[in-house]
Amino acid sequence: MWCPTSLMVNGVETQYPVPEPALPLNFINSTGMCYEAEEVRRCLLAGLKESSRMSHADSALLAEIMDEARRQVGVVYSQDSQ
């Protein structure tokens, strides 16, 4: 679990601060995951099965991009062979 707090593109860095934790964290910057949790809650309360902010198709595309990036740098997980 990782939530980056900055992004550098072409030498320009943009900061994305995360909320301060109220309790100790198991993972660095994991308070940034609160945004996903809030969106899931909003969708569930509205009876939605899919978020308009991140569609099922967008999620699948992101997974494909991450898999390809891992393949290109040689990162392999044990579950990849299943």
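The values are calculated or read from the model by the stated rules, or taken from the named source; none is laboratory data. Quick caveat: nothing in here was measured; it's all calculated off a predicted structure. Backbone-built Cβ (ideal geometry, glycine too); neighbour counts: all protein chains shown. Just the protein is used for accessible areas: all its heavy atoms, side chains included, with ligands, DNA and RNA removed. Shrake-Rupley method; radii C 1.70, N 1.55, O 1.52, S 1.80 Å.
Some observations on this one:
- Scanning the range 31-47 for residues being surrounded by 12 or more Cβ atoms within 10 Å (Cβ to Cβ) and either over 14 Å from the mean Cα position of the chain (by Cα) or farther than 22 Å from residue 16 by Cα (or both) gives a total of 2.
A quick yes/no check of all residues on (1) part of a loop (DSSP other than H, G, I, E, B); (2) not small (Gly, Ala, Ser):
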site	(1), (2)
25	yes, yes
31	no, yes
37	no, no
53	yes, yes
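- Annotation note: of 13, 20, the sole residue that is open to solvent by 90 Å² or more (accessible area, probe 1.4 Å), more than 30 Å from residue 79 (Cα to Cα) and assigned to a loop (DSSP other than H, G, I, E, B) is 20.
- Cβ-Cβ distances below 9 Å connect the following pairs, each with a first residue in the range 3-18 that is closer than 18 Å to residue 35 by Cα and free of Cβ contacts under 8 Å to residues at least 12 places away in the same chain, a second residue that is among the charged types (D, E, K, R) and in a strand (DSSP E or B), and a separation of six or more residues or different chains: 6/13; 7/13.
- For the range 48-80, filtered to residues that are hydroxyl-bearing (Ser, Thr, Tyr) and under 20 Å from residue 36 (Cα atoms), the residue that is most open to solvent (accessible area, probe 1.4 Å) is 52.
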